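Okay, structure first, notes after.
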Amino acid sequence: SSLSKAVAGKAQIQQEPSVETTAGQAINITCSHPNIQTRDYIYWYWQFPGQGPMFIALIIKGSKAVLEPAGTLLVDAERRSSALQLSRPRRQDAAVYYCALGA
């Protein structure tokens with residue numbers, strides 16, 4: 001499973017340490033997963049201070065609209081990276097964003 005691979009110390013996913021924008025200024029939060037397997041789904045989460053991660057959406061390929069936070073989830077053609085595009089981020093969208101792989 002992806003989890004046991006991650007525990008074994010193989011870097012499955014790379015994310016930039018932080019990205020900044022101002023309210024209303026579009027931003028791309030990217031995630032690189034070069035070792036993605038055919039059956040893997042791509043999961044996205046966000047987390048606020050003092051809370052557990054909350055599920056945003058999962059995606060296999062292509063793109064899909066996301067309601068909370070308002071934006072678009074995109075996957076590149078080879079599925080080696082994905083991005084959460086927030087077109088008009090609000091101050092309250094400031095959070096830690098994670099992606100994960102899982103069957």
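The values are calculated or read from the model by the stated rules, or taken from the named source; none is laboratory data. Because the structure is predicted, anything quoted here is derived from the model rather than measured. Counting neighbours? That spans all protein chains shown, and the Cβs are built from the backbone with ideal geometry, glycine included. Just the protein is used for accessible areas: all its heavy atoms, side chains included, with ligands, DNA and RNA removed. Shrake-Rupley method; radii C 1.70, N 1.55, O 1.52, S 1.80 Å.
Taking the protein heavy atoms of the chain in the context of the full set of protein chains, the accessible area attributed to carbon and sulfur is 54 percent at 1.4 Å.
Placing a label point 7 Å from the Cα of GLU68 along the Cα-to-Cβ line, the residues of the range 28-54 whose backbone N sits under 16 Å from it are 44-49, 51-54.
Per residue, the accessible area of the chain comes to 63 Å², computed with a 1.4 Å probe over protein heavy atoms only. Seen from ILE60, the other residues with C-beta closer than 14 Å to its C-beta sum to a net charge of +2, counting Lys and Arg as +1 and Asp and Glu as -1.
Between GLY71 and VAL66, the built amide H atoms are under 5 Å apart, and every one of these is 5 or more places off in sequence or on another chain. For mean projected area of the Cα convex hull in nm², the candidate list reads (i) 7.4; (ii) 8.1; (iii) 6.5; the entry that matches the value derived from this model is (iii). Put a plus charge on the Cβ of each Lys and Arg, a minus charge on the Cβ of each Asp and Glu, and nothing anywhere else: the dipole of the chain about its Cα centre is then about 200 debye.
Projecting the Cα atoms of ILE36, GLY71, ALA100 onto the charge dipole of the chain (Cβ charges, centred on the Cα centre) puts ILE36 farthest toward the positive pole. Our coupling estimate for the range 90-99, obtained by passing each phi through the Karplus curve with A = 6.51, B = -1.76, C = 1.60 and θ = phi - 60°, is 9, 3, 6, 8, 5, 6, 8, 10, 10, 10 Hz, Gly and Pro reported as x. Using just its DSSP H runs of length 4 or more, each adding -39500 (n - 2.57), the chain gives a mean residue ellipticity at 222 nm of -1500 deg cm²/dmol after division by all residues.
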